[in-house]
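The values are calculated or read from the model by the stated rules, or taken from the named source; none is laboratory data. Keep in mind the model is a prediction, meaning the values are calculated, not measured. Note that each Cβ is placed from the backbone with ideal geometry, even for glycine, and that neighbours are counted across all protein chains shown.
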Amino acid sequence: MELPEFAPGLSARVELTVTDADTAQFLGSGDVPVLATPRVLALAEAATVATTARLIPGGITTVCSRAEIEHRAPTPLGRGVAAQATLTKVDGPKLFFDVTVHDGDTLAAEVRIERVVLDRQRFIARALGD
């Protein structure tokens, strides 16, 4: 498998307006009607995927292998949040990202994510036990 050329500094942004389905109450990660930490992580991952998506050739994908999150501020229903991911380091098949999640001017979360570039079909076959 030939690895794509990824350069540190690549970035992408994804946005979300908080709905009931994004809350800690709904996801079971708490009992408050604010943006759930698992949803923050999913949003951060979506931003990392968007960062490399246009450079990934067919048959290749990336999967998250490690994540560290600091959820700093609550975001209520109806508010918009934006996750900005930046590729900070490439080490062979490993990609390292820093992601900030903002609710307007408020830093809602900081997330560090490690993804691994791999053969998509081989990964799926392994997951299915083939």
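Filter the stretch 86-102 down to residues that are under 21 Å from PRO4 (Cβ atoms) and of a type in the set (A, V, I, L, M) and give me whichever is surrounded by the fewest Cβ atoms within 10 Å (Cβ to Cβ). Give the steps one after another, and end with the answer.
To start, the set of residues in the stretch 86-102 that are under 21 Å from PRO4 (Cβ atoms) comprises 86-99.
When the remaining residues are screened for being of a type in the set (A, V, I, L, M), the result is 87, 90, 95, 99.
Details: LEU87: 20, VAL90: 17, LEU95: 26, VAL99: 28.
Ranking the qualifying residues of the stretch 86-102, first place goes to VAL90.
For the criterion of being under 14 Å from ALA109 (Cα atoms), modelled with pLDDT of 95 or more and among the basic types (Lys, Arg), ARG39 passes.
The condition of being free of Cβ contacts under 8 Å to residues at least 40 places away in the same chain and of a type outside the set (Val, Ile, Thr) holds for only one of ARG54, ARG112, that being ARG54. For the stretch 1-24, the candidate set comprises residues that are part of a strand (DSSP E or B) and of a type in the set (A, V, I, L, M); within that set, the residue that is nearest to ASP103 (Cα to Cα) is LEU16.
A single entry from ALA21, ALA85, ALA53 fulfils the requirement of being small (Gly, Ala, Ser) and under 11 Å from the mean Cα position of the chain (by Cα): ALA85.
Residue by residue, here is whether (1) closer than 17 Å to LYS94 by Cβ; (2) touching a Lys or Arg at 6+ places or on another chain (Cβ under 7 Å) holds:
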{"position": "PRO8", "(1), (2)": "yes, yes"}
{"position": "ARG13", "(1), (2)": "no, no"}
{"position": "ASP22", "(1), (2)": "no, yes"}
{"position": "ASP31", "(1), (2)": "no, no"}
{"position": "PRO38", "(1), (2)": "no, no"}
{"position": "GLU45", "(1), (2)": "yes, no"}
{"position": "ALA53", "(1), (2)": "no, no"}
{"position": "GLY59", "(1), (2)": "no, yes"}
{"position": "VAL63", "(1), (2)": "yes, yes"}
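Could you check the stretch 25-68 and list, in sequence order, the residues that are closer than 30 Å to GLU5 by Cα and either assigned to a strand (DSSP E or B) or of a type in the set (S, T, N, Q) (or both)? Listed by number, the residues that qualify are THR48, THR51, THR52, ILE60, THR61, THR62, VAL63, CYS64, SER65, ARG66, ALA67, GLU68. Quick check on ASP105: is it free of Cβ contacts under 8 Å to residues at least 40 places away in the same chain and over 25 Å from ALA7 (Cβ atoms)? Criteria met by ASP105. Among the residues making up the stretch 88-115, those that are more than 13 Å from the chain's Cα centre (by Cα) and on the phi < 0 side of the Ramachandran plot are THR88, LYS89, VAL90, ASP91, PRO93, LYS94, HIS102, ASP103, ASP105, THR106, LEU107, ALA108.
Test of understanding: among ASP31, ASP22, which residue is crowded, with 16+ Cβ neighbours inside 10 Å and either over 24 Å from PRO8 (Cβ atoms) or of a type in the set (D, E, K, R) (or both)?
Values: ASP31 fails: crowded, with 16+ Cβ neighbours inside 10 Å.
Being crowded, with 16+ Cβ neighbours inside 10 Å and either over 24 Å from PRO8 (Cβ atoms) or of a type in the set (D, E, K, R) (or both) holds for just one of ASP31, ASP22, which is ASP22.
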